[in-house]
Amino acid sequence: MRRKVNFLLRKVGDLNILVPIGQEVLDLNAVITLNETGAYLWELLEEERSAEELAIALSEEFDVDIAQARIDVENFLKELRETGLVED
Amino acid sequence: MCYINNPPKDSAQLKSELSAEQWILLGKEAVDNGMLFLLLTGGEPLLHPGFFQILEGLKPLGILLILFTNGTLITKEVAKRIAQSPPYRIEITLYGATEKTYEAVTRIPGSYAQCLAGIEALLEQRLPLLLKTTITRQNVGELEAMRQLAHSFGVPFIGSWLLTERRDGAPSEVKDCRLSARECVMLEATDQISATEWQEAVLRGEKNSEENFYCLAGKSTFVITPSGEMNICIDLPFPSAKPLEIGFKSAWEEVQKFVDTAPPLSPICQACEDRIFCPRCPAWSYLENGTLTEPVPYLCEIAKERRKIYAP
Ligand code: SF4
Ligand code: SF4
């Protein structure tokens with residue numbers, strides 16, 4: 001899977017914010033923010049990646065064990081799918 | 001009131017406005033300096049001949065754009081094109097719920113129907129819309145009808161009633177248009193959310209900030225005028241920094257410095273027991289009495305009326 005092209009990740013102060021730059025319309029009050037690991041995974045998803053590839057990268061970059069990394073990646077991808085931010 | 005007081009093709013007015021390229025250049029510099037939200041307002045932003053060039057040039061920069069418009073220039077085609085680069089939010093001001101009242105305020109025949117058509121065109125494109133009004137003597141009787149109108153379109157509605165003097169200092173009819181302090185506060189009390197907020201603020205024993213600039217102006221917000229000057233907020237024409245000449249960053253520093261070194265609250269306001277109920281800010285003082293600090297009698301009355309209701 002990979003991320004949709006029409007969102008830009010902006011770092012503003014301490015926040016990582018996903019801003020739509022295409023025809024997507026957000027809810028009146030919604031702003032999508034990512035934590036540090038989410039922002040890292042989002043950058044990786046610029047290219048086609050499998051969940052396992054993401055988990056390995058996450059585990060190496062943030063020094064977490066692979067089982068935990070797999071859970072984190074699954075949760076993150078679930079949220080991205082629900083909000084339509086990735087394409088399989 | 002922001003309406004078309006100049007003819008749409010007023011050449012002197014157009015000449016004094018930045019070009020689309022200049023707006024986009026400023027947008028880029030602002031983004032490089034961390035700007036996330038950008039409000040396009042006027043007058044009427046759609047009157048700018050490069051409106052779409054600006055919208056389409058700013059959108060890819062990763063800005064959450066908000067558009068304030070009166071809606072009258074939004075045809076189906078215009079709405080379609082806006083939907084290609086949809087703003088994060090669009091807000092349209094209603095001046096009344098009926099043609100008679102709306103056009104008594106705008107003084108433009110046909111503007112009511114155009115506004116409604118604009119709302120419909122935007123909703124057809126599923127654009128995120130909010131309707132709002134500034135309550136005046138002329139339209140206060142239609143407040144509920146305006147709320148219903150927004151409801152019938154399925155969009156949120158907000159009303160505000162704090163009418164200030166004109167920003168350019170020209171004589172205005174504001175004193176004839178705005179509600180009396182008592183009327184404002186009675187009207188506010190009919191809004192359950194506002195009433196509860198005041199009651200809770202009193203229970204918490206809240207105190208207003210000791211700072212004169214207690215808002216975000218000059219801390220995280222600024223304004224750029226149609227001719228390209230950077231100011232503190234839309235109601236305060238200072239320090240007139242020139243980002244196109246000295247660069248965005250230096251202009252922004254000038255604005256911050258102005259706010260950081262602004263004079264403190266007047267001793268009267270500092271000692272005032274009603275301050276918790278008072279929305280005075282430097283812009284109010286400036287528009288009503290030409291200072292950045294002094295009390296605003298209209299707001300003193302409002303604060304007193306609020307105290308009578310919420311902390312008798
Ligand atoms: S109008 Fe008053 S509160 Fe609002 S930004 Fe200006 S100074 Fe601040
Ligand atoms: S403007 Fe009037 S009510 Fe407001 S703080 Fe100053 S003195 Fe008090």
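The values are calculated or read from the model by the stated rules, or taken from the named source; none is laboratory data. Owing to the predicted nature of the structure, the values given are computational and were not obtained by experimental measurement. When we count neighbours, we look across all protein chains shown, and the Cβ atoms used for this are built from the backbone with ideal geometry, even at glycine. Just the protein is used for accessible areas: all its heavy atoms, side chains included, with ligands, DNA and RNA removed. Shrake-Rupley method; radii C 1.70, N 1.55, O 1.52, S 1.80 Å.
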Of the conditions (1) closer than 12 Å to B:Phe213 by Cα; (2) more than 9 Å from ligand 2 (Cβ to nearest atom); (3) open to solvent by less than 60 Å² (accessible area, probe 1.4 Å), the single one that B:Arg280 does not satisfy is (2)
The residue that is nearest to B:Phe157 (Cα to Cα), considering only those in the range B:107-135 that are among the β-branched types (Val, Ile, Thr) and buried (at least 21 other Cβ atoms within 10 Å of the Cβ), is B:Thr133
Considering the range B:29-83, residues that are under 24 Å from A:Asn6 (Cβ atoms) and of a type in the set (Phe, Trp, Tyr), and then whichever is least open to solvent (accessible area, probe 1.4 Å), we arrive at B:Phe51
Matching residues in the range B:292-306 (open to solvent by 40 Å² or more (accessible area, probe 1.4 Å), touching a residue at least 12 places away in the same chain (Cβ under 8 Å) and either of a type outside the set (Asp, Glu) or away from ligand 1 (no atom under 16 Å from the Cβ) (or both)) number 3
With the first residue restricted to the range B:83-106 and required to be within 14 Å of chain A (Cβ to nearest Cβ), and the second required to be of a type in the set (Asp, Glu), Cβ contacts under 6 Å at 6 or more apart or on different chains are B:Ser85/B:Glu56
Residues of the range A:9-20 being surrounded by fewer than 17 Cβ atoms within 10 Å (Cβ to Cβ) and at negative phi, in sequence order, are A:Lys11, A:Val12, A:Asp14, A:Leu15
- Message: Against the condition within 15 Å of ligand 1 (Cβ to nearest atom), open to solvent by less than 70 Å² (accessible area, probe 1.4 Å), free of Cβ contacts under 8 Å to residues at least 40 places away in the same chain and touching a helix residue (DSSP H, G or I) at 6+ places or on another chain (Cβ under 9 Å), how does B:Phe238 come out, does it pass?
- Response: yes
Counting only residues in the range B:245-287 that are without any contact (Cβ under 8 Å) to a residue 60 or more places away in the chain, within 16 Å of ligand 1 (Cβ to nearest atom) and within 14 Å of B:Asn208 (Cβ to Cβ), the one farthest from the other protein chains (Cβ to nearest Cβ) is identified as B:Ser266
